[in-house]
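What follows is a single structure, written as structure tokens, with notes after it.
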Amino acid sequence: MRKAILAAGAAVAAAALLAGCSSGGGSSSGASADHNLSATISYAFWDTNQKPAMTALIKDFNKKYPNITIKQQVTPYQNYFTKLQTQGSSKTLPDVFWMNGPNFQLYASNGMLAPVSTAVDPANYPKALDELYSYDGTQYGVPKDFDTIAVFYNKAIFDKAGVAYPTADWTWDEYHQKAKAISDKLKSDGIYGTASGLSGGQEVYYNTILQAGGSIISKDGKKSGYDNPKTIKGLQFVRDLVADGSSPSMQQLSDTPQDQWFINGKSAMFWSGTWSNAELLGSSIVKDIAVAPLPKGERQATVIHGLANVVAKDSKNKQAAQAFQNYLAGKAAAEIQAKMGAANPAFNDTQKAFVESAPYDLNIFETAASDYSFPYPISKNTAAWNKFENDLLPEAFDGKRPVAEVAKELANKMNAALAKE
Amino acid sequence: MTTATSSAPAGAATSVAAPGPRRRRWTPTRRKEALWAVVFVVPLLFGVIVFYIWPIVRNAYFSLTTWGPFGGATFSGLNNYEAMLADPSFWRSIVNTLIYVGMLLLGIPIAVVFASLINRPGLKFASVYRTAFFLPYVAMPAAVAMVWRIIFNGDFGVLNYALSLVGIHGPSWLSTEWFALIAVGLVGMWISVGFNLIILSAGMKSIPPEMYEASALDGAGRSRQFFSVTVPLLSPSIFFVSVMTVITGFQLFDLLYALMGTHNPAINETQSMVYLFFAHQQTGDNGYAAAVGVAILVLVGLFTILQFRMQRRWVNYV
């Protein structure tokens, strides 16, 4: 205890001293350039696959700030936000932590987050991501990485079924025909044309809804888009894939997750994001994998989502926490992440290393982001209506109830939830 | 071995601490004894109050509140209970939980039969069998669930492969309504049989061998002995096991969660009461979750009282 007080005292004294010196030094990194800052802070995240990269980042950060100790807190995603909410209610949030789109506004609107420092230049990141992490005109999160969606496909299965590979400008119909042809031809091997995640929107149905010209939520975040006929068309497309056996059923996808179908050579196509890269690189089919853009409906579309690093407003070592956040916001940190293939970094023009980490064409994801991406749908309490999506849409995809009927019920429930925000 | 005897010491201790009017007057020795009783009971009592009684009280209070995302509970009367009673998934979760409890109870006769087989005099490797039966109970539910997920997998599972050999096309066991509940119940039975078997075979050991000798002289065969000697004399153990089974059955969560996951299309039709509690707690609806918690407590209490009432009819204490 006493040691901590002494250390804090020393830090303050040193800060005062250095502030005097650095003002004349022309330091470009802004207000808090005190490299003797001494503190212990926590950094919370959920993805164990990215732990090596996070460790590398901390090590690199400590070259500049040797006296800041950073403790990593890894919590599996399923419990991550429950834990954060509990910590938030007792004002013991980690000093720096990962944030995602669906949860961001909840934390920002409840005053849990500190605004990003002026040392961070928003122009360094895609605009959609800066907007995702701004609330009431203030930016609270520094974009860490981003992901868009494309189609990974297994060339060996296409060859076996005698179906031509996808082209860059293919349409919904072509995609559906190929999937169906492969499912029919290779039925005896138990191979499906396509298998993708249907238990959340990001991988498939948010994209098909946008491709059909529909929307999930209105721009002001106040009204559901699920009763829009075009939205329903996007959902119907997914239902049709399941209905004629182009894709495994909801049950089959629950028993065996989509990535397992794909990497075990039991499905020819797999809609997924950049986060699948690390897993696919390590799989036995890596030589056969190729990437195609998402097929076109009425228009070409993908959702874009990314994580951000945020600082807790009640952090006891806010200076140190912000120093780390500023470091994570920088180009060097982005390049380390990219090189380790951990994630597709958000910092502009640092994605090259990530694109080069795979033998297949990851550049398609980058083009998608710049050419036809739509912001990930969120509101102040996204989790409330995400639950309705998860409860209701499986009934539509499995054909238990007509798609239009389910979509309308979902719209009503979602509107009721949005009205309460 | 039975609940009756295991609760006796605690009752005796408290009656020493608080003597009735018919007792002898306070002598220094008695006073000292009472003091020691308090000293021994307080640490345990402290734990019970802090970790059981207090949370129950708090939970009951929280069930009358509405929560903000980051704490800040505001009193909202019986709103949560109204919402709960009007929620079809609440009633479905009761039905599911009762079916699961029923399946576990069906496991008790199985455990009795296996226990009597293991306790046959002269059986070789009895301890090996006992260990084999008990292992599922001590294994981690998450690990157990992983193995059963593979067995029950609709497309690549061992069970459906076996069924396909006899021409049956099996369902996706863990993600189809009703089948999922049965599958979870079967795994639950498999686990609970091990625990019950250990309790029951200990109970069998306390049956005096003379009983069997006497009944043999009267001309009773093996099966007659089982039904007329073993089962009646084992009834206190059977009673204890069934009370425990009902309580653990009502607590069904980890097995269900690990077997089915959160994104299962059949989860809404299969969830147990504790799972419902969890689902609402996950979305920050803590008041509603607390109300479900109270409902679980009330139901477990009712069933346990019912069992204690009924035991008078069929349990023999010798």
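By the count of other C-beta atoms within 10 Å, a proxy for reagent exposure, A:D95, A:D220, A:D244 are ordered fewest to most as A:D220, A:D244, A:D95. For A:K223, the amide hydrogen comes within under 5 Å of the amide hydrogens of A:S218, counting only partners 5 or more places away or on other chains and with H modelled in the peptide plane. Net charge dipole, chain B: roughly 1660 debye, given to the nearest 20, about the Cα centre with Cβ charges of +1 for Lys and Arg and -1 for Asp and Glu. Structural descriptor for chain A: relative contact order 24 percent, calculated from alpha carbon pairs under 8 angstrom and at least 6 residues apart. Exposure proxy ranking for B:R31, B:R313, based on other Cβ atoms within 10 angstrom of each Cβ and starting from the fewest, stands as B:R313, B:R31. Where both partners of a DSSP beta bridge lie in chain A, what percent of those bridges are antiparallel, to the nearest 5? Within chain A, antiparallel bridges account for around 60 percent of the total.
With an 8 Å cut-off on Cα pairs and a minimum separation of 6 or more residues, tell me the relative contact order of chain B in percent. Write down the numbers at each step before the final one.
Values: 332 pairs, mean separation 83.9, N = 318.
It comes to 26 percent, rounded to a whole number.
Amide H to amide H, with H built 1.01 Å from N, A:I304 comes under 5 Å of A:F374, A:Y376, counting only residues 5 or more places away or on other chains.
Rounded, prolate or oblate: pick one for segment A:183-327, where a ≥ b ≥ c are the square roots of the eigenvalues of its C-alpha gyration tensor, a/c under 1.5 means rounded, and failing that, prolate if a/b is larger than b/c, else oblate. It comes out oblate by the Cα gyration axes.
The sum of -39500 (n - 2.57) across all DSSP H runs of n ≥ 4, divided by the residue count of chain A, sets its helix-only mean residue ellipticity at 222 nm to -13500 deg cm²/dmol.
Only helices enter the 222 nm calculation for chain B: every DSSP H run of n ≥ 4 contributes -39,500 (n - 2.57), and dividing by all residues gives -23000 deg cm²/dmol, rounded to 500. Is the protein assembly as shown best put as rounded, prolate or oblate by its Cα gyration tensor, with a ≥ b ≥ c the root eigenvalues, rounded for a/c under 1.5, and otherwise prolate when a/b is larger than b/c, oblate when not? It comes out oblate by the Cα gyration axes. Of all the options B:V101, B:V39, B:V300, the one that moves most in a Gaussian network model of chain B with Cα springs shorter than 10 angstrom is B:V39. Computed from backbone phi, the HN-Hα couplings of segment A:170-183 come to 6, 10, 3, 4, 5, 4, 5, 4, 4, 4, 5, 4, 5, 4 Hz, rounded to whole numbers (Karplus: 6.51 cos²θ - 1.76 cosθ + 1.60, θ = phi - 60°; Gly and Pro given as x). Compared with the alpha-carbon gap, the fully stretched path from B:I247 to B:R222 is longer by 5.7 nm at 0.36 nm per residue.
Summarising the amide proton neighbourhood of A:I68: residues at separation of 5 or more, or on other chains, whose placed amide H is nearer than 5 Å comprise A:A39. Among the chymotrypsin sites (Phe, Trp or Tyr not before Pro) in segment B:82-172, those located in a DSSP loop and surrounded by at most 16 other Cβ atoms within 10 Å of their own Cβ are B:F125, B:F156. Which links in A:K51/A:K318; A:K59/A:K155; A:K160/A:K339 stretch past 32 Å when you go from one Cα to the other? Beyond 32 Å: A:K59/A:K155; A:K160/A:K339.
Can you give the charge dipole size of chain A about its Cα centre, rounded to the nearest 20 debye, using +1 on the beta carbon of Lys and Arg and -1 on the beta carbon of Asp and Glu?
Numbers: 40 positive and 40 negative charges, 238 e Å.
Result for chain A is approximately 1140 debye, rounded to the nearest 20.
Secondary structure note: in the protein assembly as shown, about 65% of the DSSP beta bridges are antiparallel. The 3J(HN,Hα) values that the Karplus relation (6.51, -1.76, 1.60; θ = phi - 60°) gives for segment B:74-85 are, in residue order, 10, 5, 9, x, 9, 3, 5, 5, 4, 4, 5, 5 Hz. Gly and Pro appear as x. A dipole drawn for segment B:83-314 from +1 and -1 charges on Cβ atoms has a positive end, and of B:G194, B:Y288, B:T248 the residue lying farthest that way is B:G194. Computed over chain A with a Gaussian network model linking Cα atoms closer than 10 Å, the most mobile of A:D314, A:D34, A:D391 is A:D391.
Can you classify chain A as rounded, prolate or oblate using the Cα gyration tensor, where a ≥ b ≥ c are the square roots of its eigenvalues, rounded means a/c under 1.5, and otherwise it's prolate if a/b beats b/c and oblate if not? It comes out prolate by the Cα gyration axes. Going from the fewest other Cβ atoms within 10 Å to the most, the residues B:S63, B:S235, B:S172 appear in the order B:S235, B:S63, B:S172.
Could you work out the relative contact order of segment A:194-321, using alpha carbon pairs under 8 angstrom and six or more residues apart, expressed as a whole percent? Write out the running numbers ahead of the final one.
Values: 139 pairs, mean separation 40.2, N = 128.
For segment A:194-321, the relative contact order is 31 percent.
Computed over the Cα atoms, what is the radius of gyration of segment B:229-318 divided by 2.2 N^0.38 Å, N being its residue count? Could you put the intermediate results ahead of the total?
Working: Rg = 17.2 Å, N = 90, 2.2 N^0.38 = 12.2 Å.
With N residues counted in segment B:229-318, Rg over 2.2 N^0.38 Å equals 1.41.
Throughout, read-outs are computed from the coordinates displayed, never taken from laboratory work. None of these values were measured; they are calculated from a predicted model. No Cβ is skipped: glycine too gets one built from the backbone with ideal geometry, and neighbour counts run over all protein chains shown.
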